[in-house]
């Protein structure tokens, strides 16, 4: 079965939530490594880390609801050589603790893995206090921090394993809903800073990140079955450092480029791509899809995605407009 | 180190703090002078840190939360041989590693600090790691009294007592002045002892310029088993320079030429009496 048939298939196997893949992967790592330390802010339940805590009680440090201290303590532990995962909802982790991330993690080069759970609009109708639509923008301006949003279980597992092995500050964010697997035809390689072209086509390029990658694939399927258009779809899991080589490669096709992200249209994947393209002389037609600068509509994650066009249908319509 | 040696060190350190602040035309003079006796006793009588073993996982940790008083730290680290003292002639100059707050680019500095209210959380992290690794090193952090309103301090204070971190000692350089006035007027944090005690800490108060009192306090750590220890060190901002003592403008005032010479003269005269 080709990639597009996989997306369309009603028998498609949906994977775990990336959150669950994260906790499973971490637990597997901790089986052989007592230096894996999890630090939580009353978030072990929402982080699916209750089994981890039961199995490795010494390796889970509970801070309580105090995110600034969560990150500061995590940095202090990491500075002694341990592989620390500071786990908290992305909304709180990246806003309440921003200064601790900037100074105690990034600037001091303490290799904390900051894990933003239930990221973007995963909390849906709980509203803006619980959404993280600012995290890419805020953290991109912080020196010495890898920023990534894995799309599916494979990317999540790889990201966690590589973050654990990497002696550098990392921010990972993902959601809590079950995620479809990206097409099995895509190369099974993952490396921070290297985007994955999970679908290849010559008419259009869609660059997406995190949970917005699958809607991009759905759009590619619609554009193919409805309009005989061939799209490239890139899972740009790493927002920083951005894969400029891949960007240049896909931009050289000269076709329209659409970026899609579960983030404000300001300061995230789209603007990062735009600045690279403009500074390097590319003048492809270009559109950023994300959450606009307004009070986010109330609804589930799916409702919000559909409302703002982070969907197969929404992306298809933008593509058709650009291709006119 | 004998009490006389410590006293002479403090005078020497004060002279150097002034020298390098005067050279840089920048620095936090008053606070560096108020905390220097604490650093003197720590580095010369308490901490098991040295330039040779600074990467040892067993070393004691010292994290300076009141990072702006970095001149005191740099002068002591240079004296301990972490780097050539002449490096300090580049303090705050273009492309120097010796910036106006602690940085790990300088050998001997544990953490990059400067934003206030960060040192205690970092120290709690170090102290938890010591427990996890079954190591006996201790963690010391110096806080300013002006940074106590930062909420993160109180978050960290809770965690320290929750985990019974009696391998952690915080020292408050209680000079009672901050940039815009008396701490009691800016945001009254008194009674500091009762607040920390109610957070589960064991607290002692000392004269922060009395080396014997400081050493006795450090020698009796932890003050209570299973509790983090706090030393409230009563100090004088600008200590040692009569025209600076207790004067707000010396928070980050830099002496002019005449003032600089008068200060060095005053310290020379003190040195002759020790």
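Considering only segment A:15-44, state which residues are away from chain B (no Cβ under 14 Å) and in a loop (DSSP other than H, G, I, E, B).
Once the filter is applied, which keeps residues that are away from chain B (no Cβ under 14 Å) and in a loop (DSSP other than H, G, I, E, B), segment A:15-44 yields A:32, A:43, A:44.
Residue A:104 fails exactly one of the following numbered conditions: (1) in contact with a strand residue (DSSP E or B) (Cβ under 9 Å, 6 or more places away or on another chain); (2) within 14 Å of another protein chain (Cβ to nearest Cβ); (3) surrounded by fewer than 24 Cβ atoms within 10 Å (Cβ to Cβ); (4) farther than 22 Å from residue A:20 by Cβ. What is the number of that condition?
Against the list (1) in contact with a strand residue (DSSP E or B) (Cβ under 9 Å, 6 or more places away or on another chain); (2) within 14 Å of another protein chain (Cβ to nearest Cβ); (3) surrounded by fewer than 24 Cβ atoms within 10 Å (Cβ to Cβ); (4) farther than 22 Å from residue A:20 by Cβ, residue A:104 comes up short only on (3).
Read through the list (1) in contact with a helix residue (DSSP H, G or I) (Cβ under 8 Å, 6 or more places away or on another chain); (2) touching a residue at least 24 places away in the same chain (Cβ under 8 Å); (3) in a loop (DSSP other than H, G, I, E, B); (4) at negative phi, then give the number of the only condition that residue B:243 fails.
Against the list (1) in contact with a helix residue (DSSP H, G or I) (Cβ under 8 Å, 6 or more places away or on another chain); (2) touching a residue at least 24 places away in the same chain (Cβ under 8 Å); (3) in a loop (DSSP other than H, G, I, E, B); (4) at negative phi, residue B:243 comes up short only on (2).
So which residues in segment B:246-267 are touching a helix residue (DSSP H, G or I) at 6+ places or on another chain (Cβ under 7 Å) and either free of Cβ contacts under 8 Å to residues at least 60 places away in the same chain or in a helix (DSSP H, G or I) (or both), if there are any at all? Quick ask: steps written out before the conclusion?
Start the filter on segment B:246-267 by keeping residues that are touching a helix residue (DSSP H, G or I) at 6+ places or on another chain (Cβ under 7 Å), which leaves B:250-255, B:260, B:263-264, B:267.
If the condition is that a residue be touching a helix residue (DSSP H, G or I) at 6+ places or on another chain (Cβ under 7 Å) and either free of Cβ contacts under 8 Å to residues at least 60 places away in the same chain or in a helix (DSSP H, G or I) (or both), then B:250, B:260, B:263, B:264, B:267 are the ones that fit.
Among (1) part of a helix (DSSP H, G or I); (2) away from chain B (no Cβ under 14 Å); (3) at pLDDT 95 or above, where does residue A:73 come up short?
(2)
In segment A:106-132, what count of residues is obtained for those that are outside any helix (DSSP H, G or I) and touching a helix residue (DSSP H, G or I) at 6+ places or on another chain (Cβ under 9 Å)?
Of the residues in that region, 17 qualify.
Would you confirm whether any residue within segment A:45-52 is out of contact with any strand residue (DSSP E or B) (no Cβ under 6 Å at 6 or more places or on another chain), part of a loop (DSSP other than H, G, I, E, B) and within 14 Å of another protein chain (Cβ to nearest Cβ)?
No: segment A:45-52 contains no residue that is out of contact with any strand residue (DSSP E or B) (no Cβ under 6 Å at 6 or more places or on another chain), part of a loop (DSSP other than H, G, I, E, B) and within 14 Å of another protein chain (Cβ to nearest Cβ).
Please go through segment B:104-114 and give me each residue that is surrounded by fewer than 20 Cβ atoms within 10 Å (Cβ to Cβ) and within 7 Å of chain A (Cβ to nearest Cβ), ordered by number.
B:104, the sole residue that qualifies.
Consider residue B:210 against the criteria (1) under 21 Å from the mean Cα position of the chain (by Cα); (2) facing chain A (nearest Cβ under 8 Å): it satisfies all of them except one. Which criterion is unmet?
Result: residue B:210 passes all but (2).
Taking segment B:155-207 as the search range and keeping residues that are within 14 Å of chain A (Cβ to nearest Cβ) and within 16 Å of residue B:144 (Cα to Cα), which one is surrounded by the most Cβ atoms within 10 Å (Cβ to Cβ)? Don't jump to the end; show me each part of the working.
As a first pass, look at segment B:155-207 and keep what is within 14 Å of chain A (Cβ to nearest Cβ): B:155-165, B:167-168, B:170, B:199-200.
After this cut, where a residue has to be within 16 Å of residue B:144 (Cα to Cα) as well, the list is B:156-157, B:170.
Working: B:156: 32, B:157: 24, B:170: 27.
Selected residue: B:156.
Identify, please: which residue in segment A:132-158 is more than 30 Å from residue A:185 (Cβ to Cβ) and touching a strand residue (DSSP E or B) at 6+ places or on another chain (Cβ under 7 Å) and is, among those, surrounded by the most Cβ atoms within 10 Å (Cβ to Cβ)?
Filtering segment A:132-158 for residues that are more than 30 Å from residue A:185 (Cβ to Cβ) and touching a strand residue (DSSP E or B) at 6+ places or on another chain (Cβ under 7 Å), the one surrounded by the most Cβ atoms within 10 Å (Cβ to Cβ) comes out as A:135.
Go through segment A:76-101 and give me each residue that's within 14 Å of chain B (Cβ to nearest Cβ), closer than 22 Å to residue A:30 by Cβ and in a helix (DSSP H, G or I).
The answer is A:76, A:77, A:78.
The values are calculated or read from the model by the stated rules, or taken from the named source; none is laboratory data. The structure presented is a predicted model; accordingly, all values stated were derived computationally and were not measured. Note: ideal-geometry Cβ built from the backbone for every residue, glycine included; neighbour counts use all protein chains shown.
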